[in-house]
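Just below is one structure, and these are the notes that go with it.
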Amino acid sequence: MVGKSKSKLKKELLDADILITSSWKNNNTPAPKLKLIQIPAAGYENIDISSIPNDCKLCNVYEHEDPIAEYCLLAMLESEIKLSQFDKKFKSLDWSDHFSNKEFRGELLGRKIGVIGYGRIGKKIIERANAFKMHSTAIVRNKDKYKNNNYGKVKIYAVKEMDKAILNLDYLIVACPLNKETENLINIDIIKRMKPDAVIINVARGKIINEQDLYKALKNKVIREAIIDVWYKYPTSNNSKNLWPSNFPMHELDNITMSPHTSAWTEQMLNRRFKIIGRNISNILVGKKVLNQLN
């Protein structure tokens, strides 16, 4: 759908069997032959599922969970070790971080991590956190789903138990989908219940954390830090040099680390996605079962 005019797309959909897109709205566009709408990513908040043509399958792709988990581990390690700060200071002949000084760095060993969402991303994050002997908590929509399963030492809390689940966390990672239930899920009341030296990491969607509350909490040092990869404003064209990703001056704060929605973006991830998209196209044409069907 990228680069297509509405009139040209409407004409092509009349004869299309497969459409690869991240957006499908209820616009009454006739697509009588459509067998597959393939989303080339995981998120589907821009898909109006109710308006998909009858007998048309909707599928997405994942394969982003491993690089995102690695990003989260890097974020936590950097928060504790501060290697980039050491590098910058030491290259200017500043020896103030030498081990004989009284300032200590942190370590992940024994830290408490909570992940909102225990799907593909959440499981990969906790799998890696366990290797560092962290204490892991998963915050999920339906706690009963995990009642009879063996999840090792992972504590499971329901979202309605959020107040209790976050009390002693050192790191809270947001890794759940954005929907009506999760929009503004993390607000100032939740943040105030966290430890003053806690860190929030968001690799899901910006609006899961209330924008104004996040800014105020960081500015007033309610928590130690935030590491944010997903935002509230995105460029609509390639001319994005002057677009700040928030309506608040987050970039002026010294306790936030910012990245431009890049936590999943590896060549390996993209190649894995292409393979699954290719399989789905082949399968739909020969009547086989498709992968990751949503509707």
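The values are calculated or read from the model by the stated rules, or taken from the named source; none is laboratory data. Just so we're clear, the structure is a prediction, and the values are computed from it rather than from any experiment. Every residue, glycine among them, receives a Cβ derived from its backbone with ideal geometry; neighbour counts consider all protein chains shown.
Taking Lys219, is it charged (D, E, K, R) and more than 20 Å from Leu172 (Cβ to Cβ)?
Judged against the criteria, Lys219 is not a match.
Read through the list (1) modelled with pLDDT of 90 or more; (2) outside any helix (DSSP H, G or I); (3) over 21 Å from Ile281 (Cβ atoms); (4) not aromatic (Phe, Trp, Tyr), then give the number of the only condition that Ser79 fails.
Just one mismatch for Ser79, condition (2).
From the residues in the range 266-290 that are in contact with a helix residue (DSSP H, G or I) (Cβ under 8 Å, 6 or more places away or on another chain) and surrounded by 15 or more Cβ atoms within 10 Å (Cβ to Cβ), which one is nearest to Leu218 (Cα to Cα)?
Thr266
Scan the range 264-295 for residues that are in a helix (DSSP H, G or I) and either acidic (Asp, Glu) or without any contact (Cβ under 8 Å) to a residue 40 or more places away in the chain (or both) and jot them down.
Listed by number, the residues that qualify are Glu267, Leu270, Asn271, Phe274, Lys275, Gly278, Arg279, Ser282, Asn283, Val286.
Pick out the one residue from Leu214, Leu253 that is buried (at least 18 other Cβ atoms within 10 Å of the Cβ) and modelled with pLDDT of 95 or more.
Every option except Leu214 fails the conditions.
Would you mind stating whether Tyr44 is surrounded by 14 or more Cβ atoms within 10 Å (Cβ to Cβ), at pLDDT below 90, within 26 Å of the chain's Cα centre (by Cα) and within 18 Å of Cys176 (Cβ to Cβ)?
Answer is yes for this residue.
Kindly check whether there is at least one residue in the range 99-113 that is touching a Ser or Thr at 6+ places or on another chain (Cβ under 7 Å) and not basic (Lys, Arg).
Yes.
Cβ contacts < 6 Å: first residue assigned by TED's automatic domain parsing to the domain that holds Arg205, restricted to the range 96-122; second residue in a strand (DSSP E or B) and among the hydroxyl-bearing types (Ser, Thr, Tyr), any location; separation 6+ or different chain. Result?
These pairs meet every condition: Ile113/Ser136; Ile113/Tyr171; Gly114/Thr137.
When you go through Ile166, Ile191, Ile173, Ile208 one by one, which is the residue that is within 19 Å of Ile125 (Cβ to Cβ), in contact with an Asp or Glu (Cβ under 8 Å, 6 or more places away or on another chain), buried (at least 21 other Cβ atoms within 10 Å of the Cβ) and assigned by TED's automatic domain parsing to the domain that holds Ile125?
On inspection, the qualifying residue turns out to be Ile208.
Can you give me the number of residues within the range 43-62 that are assigned to a loop (DSSP other than H, G, I, E, B), under 19 Å from Lys289 (Cα atoms) and touching a residue at least 24 places away in the same chain (Cβ under 8 Å)?
The total comes to 5.
Hey, could you check the range 1-23 for residues that are touching a Ser or Thr at 6+ places or on another chain (Cβ under 7 Å) and modelled with pLDDT of 70 or more and say which is nearest to Arg273 (Cα to Cα)?
Across the range 1-23, the extreme among qualifying residues is Leu13.
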